[in-house]
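Undergrad: One structure follows; several queries about it will come next.
The values are calculated or read from the model by the stated rules, or taken from the named source; none is laboratory data. Note that the structure is a prediction, hence the values are computed from the model and not measured. Using ideal geometry, Cβ is built from the backbone for each residue, glycine included, and neighbour counts are taken over all protein chains shown.
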Amino acid sequence: MLKKRPRYMLQTYGGEILKKSSAQVTVFDRELADLANFMVKAMHELNGIGLAAVQIGVLKRLIVLDIPQSSMSNPPTPGEMQLLPQMPVALVNPQIVEFSSDLEPYDEGCLSVPEIYAEVIRPRQIKVKAQDLSGNNIEFECGGLLARCIQHEVDHLDGFVFTDRLSDEVRDSVSEELTALKRRGKKFNYQRDIKR
Ligand code: ZN
């Protein structure tokens, strides 16, 4: 018998699920690979460069990335050299095990927080441990947009969105837009359809 395809919705700002912590992935099966494939499709459809499973309502520690090769740092970091040519990639159970003390500001956006961009200050370089879809361990150090995006996505897995990390001043500058977004989200149950 054919299994019914699960239906996913994009979860938006204010929805309770985005505040939840995602569970460790322990089974590396076809279902996980299918989920990652769907996430890549959805991310492309929505013109994003990163997506965490919780953003489509699945509380699993799985993220997908499609970081442009053109974002490579100069000089490139080992993780960028390793991962950028392989994009899009899925990282399972990603963990940031080291952060540089060196910080940098960057205007972030998020598919779950549509049309709002705001400056977030984060460590410039990180060391990451993760697994691939087959359960093989991966470990790398990276900077650039890749490091930025991984920090943003791992935050999602821990129940945070980038707007939780704004300075008071930046938060004030977008607070009206955020309130409007929350109101709009509530009306639609904090979900948006994903075209497929
Ligand atoms: Zn996001």
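One line per residue, one yes/no per condition, for (1) more than 16 Å from the ligand (Cβ to nearest atom); (2) touching a helix residue (DSSP H, G or I) at 6+ places or on another chain (Cβ under 8 Å); (3) closer than 17 Å to Lys195 by Cα:
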site: Ala23; (1), (2), (3): yes, no, no
site: Ala33; (1), (2), (3): yes, no, no
site: Gln69; (1), (2), (3): yes, yes, no
site: Pro75; (1), (2), (3): yes, no, no
site: Leu91; (1), (2), (3): no, yes, no
site: Pro94; (1), (2), (3): no, yes, no
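Undergrad: Only residues that are near the ligand (Cβ under 10 Å from one of its atoms) and surrounded by 21 or more Cβ atoms within 10 Å (Cβ to Cβ): list them for region 150-160, please. Working first, answer last.
TA: From region 150-160, those near the ligand (Cβ under 10 Å from one of its atoms) are 152-153, 155-156, 160; that's our starting set.
Hits for region 150-160 are His152, Glu153, His156.
Undergrad: Could you tell me how many of the residues in region 81-113 are within 30 Å of Glu176 (Cα to Cα) and either charged (D, E, K, R) or modelled with pLDDT under 95 (or both)? Full working, then the answer.
TA: Filtering region 81-113 down to residues within 30 Å of Glu176 (Cα to Cα) leaves 103-113.
Those still in the list that are either charged (D, E, K, R) or modelled with pLDDT under 95 (or both) too: 104, 107-108.
Residues meeting the conditions: 3.
Undergrad: Another question about this same structure. What are the residues in region 54-100 that are free of Cβ contacts under 8 Å to residues at least 60 places away in the same chain, among the charged types (D, E, K, R) and not in a strand (DSSP E or B), if any?
TA: Once the filter is applied, which keeps residues that are free of Cβ contacts under 8 Å to residues at least 60 places away in the same chain, among the charged types (D, E, K, R) and not in a strand (DSSP E or B), region 54-100 yields only Asp66.
Undergrad: Same structure, new question: From the list Ala118, Ala130, exactly one residue is over 19 Å from Gly14 (Cβ atoms), modelled with pLDDT of 95 or more and in a strand (DSSP E or B). Which is it? Steps first, answer last, please.
TA: Numbers: Ala118 fails: over 19 Å from Gly14 (Cβ atoms).
The conditions single out Ala130.
Undergrad: Applying the selection to region 116-145, what residues are without any contact (Cβ under 8 Å) to a residue 60 or more places away in the chain, within 16 Å of the ligand (Cβ to nearest atom) and surrounded by fewer than 19 Cβ atoms within 10 Å (Cβ to Cβ)?
TA: As a first pass, look at region 116-145 and keep what is without any contact (Cβ under 8 Å) to a residue 60 or more places away in the chain: 117-130, 132, 136-139.
Among the residues that remain, those that are also within 16 Å of the ligand (Cβ to nearest atom) are: 117-120, 122.
Scanning region 116-145 gives Tyr117, Glu119.
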